[in-house]
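The values are calculated or read from the model by the stated rules, or taken from the named source; none is laboratory data. None of the values given here were measured: they were computed from a predicted structure. For neighbour counting, all protein chains shown are included, and Cβ atoms are generated from backbone atoms with ideal geometry for every residue, glycine included.
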Amino acid sequence: MVVGDLNATRWSAGFAPLIGAGLRDSATGSGWQPTWPAGLGALGVPIDHVLHSPDLRVVSRAVPAWPGSDHRAVQAVLALTPADARPAVRSAAAPREGAYDARRRVNPPLARLGQGPPT
């Protein structure tokens, strides 16, 4: 999970790598829920987030006022997704091509160049 004031909206370039890494935005399907500045209400922007893995699902989400803050809080209730509804995960026994394999302590590109660690 990644939770906090990210100073980025869902449509900003800085947010894309988080989604690209497989995290899901708890705001998806919740409508417009701006968090900053709190005093602007619906005219604000959503820059505070709760991002989660596909193993979790959002049960409820709200952005209530938070006394003394210029941000609205993000309250998200998450639950474990049933195992049969989770996306397939790559097996640790089969790392992707070119990935560092800690079990063998070899970085494949370096090993191909004969520059891997001593065995």
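Here are a few things to note about the model shown:
- The test for being of a type in the set (A, V, I, L, M) and in contact with a Gly (Cβ under 8 Å, 6 or more places away or on another chain) does not hold for Ala65.
- Some residue of segment 79-90 being under 29 Å from Ser12 (Cβ atoms), modelled with pLDDT of 55 or more and not in a loop (DSSP other than H, G, I, E, B): yes
- Residues (part of a loop (DSSP other than H, G, I, E, B), among the acidic types (Asp, Glu) and closer than 20 Å to Trp11 by Cα) located in segment 23-69: none
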